[in-house]
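Structure first, then comments.
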Amino acid sequence: MLFDGLMLTVGGRFRRPEPRRRVRDFVRGLLAPLPRKNCWTIAEHAGDSGPDGMQDLLTRVRWDDAAVRADVRAFVGEHLGDPEAVLVIDETGDLKKGRHTVGVQRQYSGTAGKIENCQLAVHLVYATDTAHAMVDTALYLPKSWCDDPERRTRAGVPEQVRFATKPQLAARMITAAVTAGLPCRWVAGDEAYGNDPRLAARLRQLRLGYVLAVARSHQVTTGLGVYRVDALATGLPTIAWQRISAGRGAKGHRWYDWSYTALPHATDAHGGHHWLLIRRNRRTGELAFYRCWSPQPVPLNRLVAVAGRRWKIEEAFQAAKTGLGLDQHQHRRWRSWHRWTTLVILAHAFLAAATANHHHQPVGLIPLTVNELRHLFHVLIIEPTRRRADPLLWSIRRRRHQAQAMTSHYARQALTEP
């Protein structure tokens, strides 16, 4: 069975049989329809007598989360591998109230659409024509954290971790994926990555084509001089635009008008072919701009397909947050954050591979989705075989823990209030 094989591979990263069993139970808990996912609810779902074992798995047990993500990456390459695949990069934010959770500060969150007190992480998704899966992640550590030894120590940030921009984190993950032999040809990302010339240069060095969004103020060099991309768009004739679908959506094709212009003056030591790609909303006229490169010439519809593949990471975020608890972790420290996120990535990769392997398509039904498969896996596989916890014992344990927390809060308040 696919799940058993993946867990057997990952189990080799643990020295003892107990954490091997526990990590399996943890992932089964992430796949279960629990109203809230944390070490308490996952431990109760697994039939444990308390949350200590699951908490230890994320904090004290010795295992390498980066090695597990490498196993997941190899698993995705084996089951979804496609030489034309796209590596999609983007970040997602988790809103936080305090200041002690690792990496948290007031910063712009695309999830919230404004500046919030939040934690940001860059993710890498592997996307083909038929499936997509999360394969890697990197927590963004703001410079204010990197320059604060006391906060770093409290949050358990490793000594070797230094400040890196989000494009630098993306470049590291992409380089690791290519070096490991993950089959792919393209990279797609939004303006946060398209506006960084060093990332684009690194992708050219890796011989990876890219379609990266850029700001409307981005400048390109043409035979007539240097121009802003929005200025170039205003001068395009009607015949320069083509109506092309950027991919299939839930309610139909995503039709836009597209135009692209070759940029031969952008050629550098890496050679290849440069383009400016422009997307126009057919209803509102809103424009979006992309810098593109490929080692070989490619037609417009191929660049459009790569640009459209970027939306796959939004689908992955939605599935991971609503179904797998990506943003429900309650951990403040570096190690526990990476371990929680790694196990969510593992669960998502399993679902993606399982849906991709479902080749039989009955007439009148949509293809099996990640969310539907998660439901079926729980009902048919997990629920009939899981151990049952004593609900009364867990009720007592929860109320005792809450009483202790309340006592601690009141005692702390008494030290500062009259």
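The values are calculated or read from the model by the stated rules, or taken from the named source; none is laboratory data. Keep in mind that this is a model prediction, so the values were computed, not measured. Here the Cβ is made from the backbone with ideal geometry for all residues, glycine too, and neighbour counts use every protein chain on show.
Sort through ALA246, ALA233, ALA262 and tell me the only one that's closer than 27 Å to ALA192 by Cβ, of a type outside the set (Ser, Thr, Tyr), in contact with a Gly (Cβ under 7 Å, 6 or more places away or on another chain) and touching a residue at least 12 places away in the same chain (Cβ under 8 Å).
On the way: ALA233 fails: in contact with a Gly (Cβ under 7 Å, 6 or more places away or on another chain); ALA262 fails: in contact with a Gly (Cβ under 7 Å, 6 or more places away or on another chain).
Every option except ALA246 fails the conditions.
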For ILE278, which of the numbered conditions (1) at negative phi; (2) assigned to a strand (DSSP E or B); (3) at pLDDT below 95 fails to hold? (3)
Restricting to helices (runs of 4 or more DSSP H) lying wholly in region 305-418: which have 2 or more residues that are touching a residue at least 12 places away in the same chain (Cβ under 8 Å) and among the hydroxyl-bearing types (Ser, Thr, Tyr)? 334-356
For region 94-101, does any single residue satisfy the condition of being closer than 30 Å to THR179 by Cβ and in contact (Cβ under 8 Å) with a residue 60 or more places away in the chain? yes
Restricting attention to region 148-167, which residues are surrounded by 18 or more Cβ atoms within 10 Å (Cβ to Cβ) and under 20 Å from the mean Cα position of the chain (by Cα)? LYS166, PRO167
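Would you mind finding the one in VAL86, VAL72 that is out of contact with any Asp or Glu (no Cβ under 9 Å at 6 or more places or on another chain) and in contact (Cβ under 8 Å) with a residue 24 or more places away in the chain?
VAL86
Does region 338-348 include one or more residues that are more than 22 Å from the chain's Cα centre (by Cα) and under 26 Å from LEU58 (Cα atoms)?
Initially, region 338-348 is screened for residues more than 22 Å from the chain's Cα centre (by Cα), giving none.
Within region 338-348, none of the residues are more than 22 Å from the chain's Cα centre (by Cα) and under 26 Å from LEU58 (Cα atoms).
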Can you name the residue in region 217-241 that is of a type in the set (A, V, I, L, M) and surrounded by fewer than 10 Cβ atoms within 10 Å (Cβ to Cβ) and is also farthest from HIS274 (Cα to Cα) among such residues? ILE239
